[in-house]
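The numbers here are math on the coordinates, done by the rules we state, and not lab data. Owing to the predicted nature of the structure, the values given are computational and were not obtained by experimental measurement. Note that each Cβ is placed from the backbone with ideal geometry, even for glycine, and that neighbours are counted across all protein chains shown.
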Amino acid sequence: MNINRVKALAFKEWREILRDRLFFSLAFVVPISMMFVFGYGIKMDVENIPFAILDQDRSAMSRDYLHLFIDSRYFDYQGDVEHEKEIDNLIADSKIRFAIIVPPKFQETLLSGRPIAVQSLIDGTFPFRTSTSKGYVAAINNAFNTQLLTAYVTQRMGITPEQATALVSPIKIEIRYLYNQEIKSIWSIAPAMMMFILLMTPPFLTALGVVREKENGSIYNIYSSTVTRGEFLVGKLFPYVVISSINVVILWLMAIFVFSAPFKGDPLFFFIASVIYVTCTTGIGLLVSLFAKTQISAMMITVVVTIVPAVLYSGLLVPIASMDEASQFEAHLFPAMYYTDIALGSFLKGVGMEQLWTRVAALLLYTVILWVASYNLFHKRVKA
Amino acid sequence: MGQPTLVNTVVSEPIVKVQGFSKSYRKKLAVDGVDLAINKGEIYGLIGPDGAGKSTLMKAIAGVLTYDGGQVEVFGEIIDSEAAAEKIKGRIGFMPQGLGQNLYAELSVEENIDFFAQLREVSREQLISRKRKLLAMTRLDKFTNRPMKLLSGGMKQKLGLVCTLIHEPELIILDEPTTGVDPVSRRDFWAILTALLREQNIAALVSTAYMDEATRFQQLSLMYDGKVIAEGEPDQIIAKVPGTLVELIARPQAVALSQLKSIFQQVEAVGAVLRVFVEGQEEEAAIKQVKSLLSGQEVSEIHASQAEMEDAFIALLSQANLTDSETAPSIDTNQASEIDASQKDKLAIEAENLCRDFGDFRAVDQVSFQVRYGEIFGLLGANGAGKSTVFKMLTGILQPTGGEGKVAGQDMLRANQAIKERIGYMSQAFSLYQDMTVLENIRLYARIYAVARKELKQRVDWVIATAGLQGVENRLAGALPMGIRQRLALGCALVHQPKVLFLDEPTSGVDPVGRRRFWDILIQMARVEQVAILVTTHYMSEAEHCDHLALMYAGRIIADATPEQMKEALVKAAGELLEVTTDQPLLALKLIEQAGFEEAALFGKKIHLLAKEPQLVRQQIESIFTENNITLHSISHRHPSLEDVFVYQVMTHENEMARHEY
């Protein structure tokens, strides 16, 4: 390996990336904007669900019942309606996500000791949000039932409300959330976003950078010169690894300072693991570039081979453990999963090399395979 | 090869030996059984149209492409594996096809050169001295800090050459280095190659699609469809097809053309002149035969001369039965009389002081010219001279900053839509729909131009007949060979019977046979249908076909005359063009240059120079040669080409502008 030639190649590439507006924005602007867009965009927390009320009883009890919903921080009260028809329109226009209809004679029926059904209409468009809403509604409804029961027991047995509560609901669940005490989804999303962005942008940049040379013919400078295959690959891709490593730092700082995610792990370990990860994903781009003939096809292939594993097999949406066996196997074939573990472990759990070395080793192995395969597939004397 | 009289010449093995070379892409055979040998100190040419297999052969010799059959030997190394190819790459310089495509757009001129030097491990001192020399030779030394993407086409190509030469290769392989390059840069290019040949005794393999560059080579192969159809020195190849070129002026031209076509295979109208290649006949007999055929017409200025490479090429093709036998477009001479004579001499296009600024940059500066109905007018100039901008203003795509333009009697500024219906426009890229058939394309254009429903069928039939598209009506446009696709594009532009036709670089990359057919149609349109045709081009051979030319340089028209007038003006201003044939061309060229003829240039084994007083110069050269023991074979007159005109005009203007600057 002739270090001067590698340097010449790397320096040329570096200058081209910095001077070409398209490449510069792909290198730096795109990852940062992705972090902003997804960081603010993907919120898994369900809060402030807009809803409306149809109170056909207008009694003291119906007001008490409905106030439990109105006062909740999970719901956002939009007002009363007069007719059921209005509810349909409001849900159809996405003005509200659910509505509660209290039937006539609500108080009368309850006081007479008979059960009564309160209707809740929930927008089922987004299953995840729907089930969350349903859970909240059921919980609030339970709370009101317990309240009624407690009041009844207090009155009937002549004991204090505290005693009555203990009698009515003797078991209480006490939950402590580990690693993410406030269950803020952004805490886990910011590290996962790093996984996602660093899986997508380095291969994009790399594949375009190599295929561009193929497309316009400057690759023939390499083919026809005495530069060896290894020198070319190292020199050409070194700048891309450096850029991605700079992005690691930028995204990391954004996760901590913009999205207030806690970082409990070892920064040095995390940085080194991240550099291995971007070297690996740069390798994906390199491999793609050896098959693609045009920049357009390079982009298409990169999208397919990176977005699918990043979304489906990384643990971003569905935990790996809850996948079926075939999917779990597939997840192990992509680098995304390993880095998700490293990122979440470093950010939230504060674990390091000791616990995560298998993941780092998997990424290293992945990197070596990609680069060796690319080296063997790259030829300076081509077939067409 | 090595003559016994030249003591110092060691009879050496050829640097490149190719035997039985063949290569297929997928199942398509691209090159089939080619043999060639390149010697040291030789510029070897590969001439042929696009798709002839030139690039494939060159890449295989450069060791960057595998091949299927035969053997390629370079510097004694048989190139049959990647490892073998690596061994010779240090001694080769390879420049792929495409204007500046192998360069890095974002890097400056100097950065590009430095990168290639580092890649080739040129030492610092060598780099500095070579860079200085090559930059001066290419006249790029003023632009070292300019990013490559801002260079003109010719400059890019010269920079590409500098980068390819920076490690002083022994063999340089240049794939179509002059395609799309303006004539002045082309001249520079050949001058550099000649100098290298002289100083370093290198070998060069150069491909071109221009037949008129054939005389530049010492040895060449004519390629067509993957095969070599002739090999040897340029004169030898032309001599393979015995015959005479007869040039004449006949009136009416269209009638004479169709009469000649019935007997001779190669007839074409070049401006006012008809060129007839009479195969197998000596000069006098040929003139006699042509004259007897045109007994009814008014014939003038008839004379005979040696055939050119293009005539030989076409004759060789038809001998080898390689020309496709589809029907040539027919010329309907009966219509000629029906044309309203009053149309003639009326102005179809009038440009008056057209100006166009882009920011501070004046792209078009006070351009005025006139085109009559029935006239083919060429707007000639290098890339970036302002041709396209003039075009866009006249077709109403771009608003002029100043001046006026009238097309078909309408003011460009006001009657936009009306004009568009009266003009036909064919762009450089042939705006056809590749996934539609020939017929569908024609119908689509007919509807776009609002051809009446009842006329539709008749117009479509007319286009098919005129453009010679019989038999391919139902084939996809994208699957057609370049020449036919181009005629289809022309047919589409003519479907609504426009009276004015705009053609933007119409025949780039088409083989000579296809190009001649294309011009046949244009001649018919102009002579018979009285259509005014405005053509932009930077191909000199295309310009020769025009009735009238305007030469553009830096946004201005610097010459406006017929091709003949331009050539006469050149002879008046710069002297006669002399061709010197000798046994030691390189040494002779050096001596002639030293004697004060700096513009002298090497064409193959001959030397061209301009002489104001031919008799005096003759004597001068004769005495120089006797002093230095050089045998003079002959000094003959040559007709200057339009390229000579162009180069002279542009150089004169460049020098004038430089004088104003300092």
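General observations
- In the range B:486-644, the alpha-carbon atoms span a convex hull of 144 Å³ per residue.
- Whole-angstrom gap from the range A:120-180 to the range B:217-267, using each part's C-alpha centre: 100 Å
- Other protein chain Cβ atoms within 10 Å, averaged over every residue that makes up A:15-26: 2
- Kirkwood-based shape ratio for the range B:566-661, expressed as Rg/Rh from alpha carbons: 1.00
- Normalised contact order of chain B, rounded percent, pairs of Cα under 8 Å and 6 or more residues apart: 12 percent
- Each listed q (0.10, 0.12, 0.15, 0.19 Å⁻¹) maps to a log10 I(q)/I(0) for the range B:35-142 from the Debye sum over equal C-alpha point scatterers, namely -0.39, -0.57, -0.86, -1.19.
- Taking every residue in A:227-238 and counting other chain Cβ atoms within 10 Å of its Cβ, the average works out to 1.
- Inter-label distance for B:Lys240 and B:Ala272, nm, one decimal - labels placed 7 Å from Cα along Cα-to-Cβ: 3.7 nm
- Sorted into 10 angstrom bins from 0, the C-alpha pair distances of the range B:16-232 split as 8, 35, 36, 18, 3 percent.
- Averaged over peptide B:79-90, the number of partner chain Cβ atoms lying within 10 Å of each residue's Cβ comes to 3.
- Listed by chain and number, the lysines placed with their C-alpha closer than 17 angstrom to that of B:Lys590 are B:Lys605, B:Lys606; residues fewer than eight positions away on the same chain are left out.
- Helix A:335-344 vs. chain A, principal-axis angle (Cα, 0 to 90°, nearest 10): 60 degrees
- Percent of Cα pairs exceeding the 51 Å cut-off, where the set is chain B: 11 percent
- Here A:Lys349 is the anchor, and the aspartates and glutamates within straight C-alpha reach of less than 17 Å, apart from those fewer than 8 places off in the same chain, are A:Glu182, A:Asp266, A:Asp341.
- Only beta bridges with both residues in chain B are counted; by DSSP, about 70 percent of them are antiparallel.
- Estimated from helical segments only, the mean residue ellipticity of chain A at 222 nm is -21000 deg cm²/dmol, where each DSSP H run of four or more residues counts as -39500 (n - 2.57).
- For the range A:179-261, the Cα-based Rg and Dmax, in that order, read 18.3, 60 Å.
- Across the range A:49-168, Cα pairs under 8 Å and at least six residues apart give a relative contact order of 25 percent.
- Cα convex hull volume per residue for the range B:242-311 (Å³): 75 Å³
- Proximal lysines to A:Lys172, defined as alpha-carbon separation beneath 22 angstrom and excluding residues fewer than eight positions away on the same chain: A:Lys134
- Where labels lie 7 Å past Cα in the beta-carbon direction, separation of A:Lys172 and A:Lys105 in nm: 3.9 nm
- Non-local lysine pairs in the range B:77-158, meaning eight or more places apart or on different chains, with alpha-carbon distances under 14 Å, amount to 7.
- Annotation: the range B:341-561 has a Kirkwood hydrodynamic radius of 17.7 angstrom, from the mean reciprocal C-alpha pair distance.
- Pair-distance profile P(r), taking every C-alpha pair of the range A:24-135, with 10 angstrom steps and integer %: 13, 35, 26, 13, 8, 4, 2, 0
- The Cα atoms of the range A:249-384 define a convex hull whose projected area, averaged across directions, is 9.9 nm².
- Karplus-based coupling profile of the range A:281-286, in residue order and whole Hz: 6, 4, x, 4, x, 4, with θ = phi - 60° in 6.51 cos²θ - 1.76 cosθ + 1.60 and x standing for Gly or Pro.
- Using the Karplus relation 6.51 cos²θ - 1.76 cosθ + 1.60 with θ = phi - 60°, the per-residue 3J(HN,Hα) values for the range B:149-165 come to 5, 9, 7, 6, x, x, 5, 4, 5, 5, 4, x, 5, 4, 5, 6, 9 Hz, with x marking Gly and Pro.
- With R₀ fixed at 35 Å, the C-beta to C-beta distance from A:Gln155 to A:Asp88 puts the FRET efficiency at about 0.30.
- Under Karplus coefficients 6.51, -1.76 and 1.60, residue-wise ³J(HN,Hα) of the range B:209-221 in Hz, glycine/proline x: 9, 8, 5, 6, 8, 4, 5, 6, 9, 7, 9, 7, 10
- Separation of alpha-carbon centers, the range B:360-398 and the range B:540-577, rounded to whole Å: 16 Å
- Legend: ranking of residues B:Glu282, B:Glu268 from fewest to most surrounding C-beta atoms inside 10 Å; resulting order B:Glu282, B:Glu268.
- FRET efficiency, 1/(1 + (r/R0)^6) with R0 51 Å, evaluated for A:Ala138 and A:Leu364 via beta carbons: 0.55
- Cα centroid of the range A:337-376 to Cα centroid of the range B:82-143, whole Å: 42 Å
- Only Lys, Arg (+1) and Asp, Glu (-1) charged, at Cβ; chain A dipole about Cα centre in debye: 1760 debye
- Relative to the 2.2 N^0.38 Å rule of thumb, the range B:89-150 has a C-alpha radius of gyration ratio of 1.12.
- For the range B:149-308, the percent of C-alpha pairs falling in each 10 Å distance bin, counted from 0 to the bin holding the largest distance, reads 9, 29, 24, 21, 13, 4, 0.
- Dividing the convex hull volume of the alpha-carbon atoms in the protein assembly as shown by its residue count gives 244 Å³ per residue.
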